[in-house]
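The structure under discussion appears below in the form of structure tokens.
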Amino acid sequence: PVIIYHGQLSNDRGIIILIRAFIQLKCHMPGAVLNLIGTSRTKEFKSEMLHLINSSVYKNDIRLLDEVPHSDIWGLLEESHIGIIPSLRTPRVIMDTPTKLFEYMASSCAVVATDTPPVRYFSENCSILVDPNNVNSLADGILEIGTNKNKFISYTEEGQKKIKNKYNWQRTEM
């Protein structure tokens, strides 16, 4: 499967945990690819990411892409299977509803996300929720959805249904 994260690349967004989880699960999902799309908040963080990626035997399966225009992200999302929201537990994350959650659901990605009240509310029955700040929990969540075809299909269909019937501007404006 193609696993995707898009957005700002920083420590509080859980990117280091995501890279470590991907490396950990790779032996169970040998064909998996991780696309990290966005800009790094700092040069130091980008160096930390690159060091971790380049020191892995799976470095060719982790693609670090610069930020793309929002209109172009849809093509990358539609080529993906699993959308990741690995944010660390911070006051912002506890209250935040990430736009990428709805983008993942709209593009038929199964979602694996940090368990927070807003994400739990909007993604019931279409996501795997994981413990924040926990590499093993994130790896297990990705494996659960990436190795269970029936669950993957169920979650992507439920996400699509939520977007079509509930979480879209036409419905919200009514």
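The values are calculated or read from the model by the stated rules, or taken from the named source; none is laboratory data. Treat the numbers as computed from the prediction; the structure is a model and nothing was measured. Positions of Cβ are generated from backbone atoms using ideal geometry, with glycine treated the same way; all protein chains shown enter the neighbour counts. All accessible areas refer to the heavy atoms of the entire protein, side chains included, with ligands and DNA or RNA removed. Shrake-Rupley method; radii C 1.70, N 1.55, O 1.52, S 1.80 Å.
Against the condition in contact (Cβ under 8 Å) with a residue 12 or more places away in the chain, more than 25 Å from L25 (Cβ to Cβ) and polar (S, T, N, Q), how does T147 come out, does it pass?
no
Just to confirm my filter: which helices (runs of 4 or more DSSP H) fall fully inside the range 54-142 and include at least 2 residues that are open to solvent by less than 40 Å² (accessible area, probe 1.4 Å)?
Correct list: 70-78, 99-106, 117-122.
I need the full set of residues from the range 29-45 which are among the basic types (K, R) and buried (at least 19 other Cβ atoms within 10 Å of the Cβ), in order please.
Correct list: empty.
Going through Y167, Y155 one at a time, which residue ends up being in contact with a helix residue (DSSP H, G or I) (Cβ under 8 Å, 6 or more places away or on another chain) and either surrounded by fewer than 22 Cβ atoms within 10 Å (Cβ to Cβ) or part of a loop (DSSP other than H, G, I, E, B) (or both)?
Of the residues listed, the single one that is in contact with a helix residue (DSSP H, G or I) (Cβ under 8 Å, 6 or more places away or on another chain) and either surrounded by fewer than 22 Cβ atoms within 10 Å (Cβ to Cβ) or part of a loop (DSSP other than H, G, I, E, B) (or both) is Y167.
Yes or no: K26 open to solvent by less than 50 Å² (accessible area, probe 1.4 Å), among the basic types (K, R) and either under 25 Å from T147 (Cα atoms) or modelled with pLDDT under 95 (or both)?
Criteria met by K26.
Sort out which residues of the range 85-115 are more than 20 Å from G38 (Cβ to Cβ) and under 15 Å from the mean Cα position of the chain (by Cα), and write them in order of number.
S108, A110, D115
How many of the residues making up the range 134-151 are within 14 Å of the chain's Cα centre (by Cα) and of a type outside the set (D, E, K, R)?
9
Quick check on this structure: which one of I3, I19 is assigned to a helix (DSSP H, G or I), open to solvent by less than 10 Å² (accessible area, probe 1.4 Å) and either touching a helix residue (DSSP H, G or I) at 6+ places or on another chain (Cβ under 6 Å) or not small (G, A, S) (or both)?
None of the other options fit; the residue is I19.
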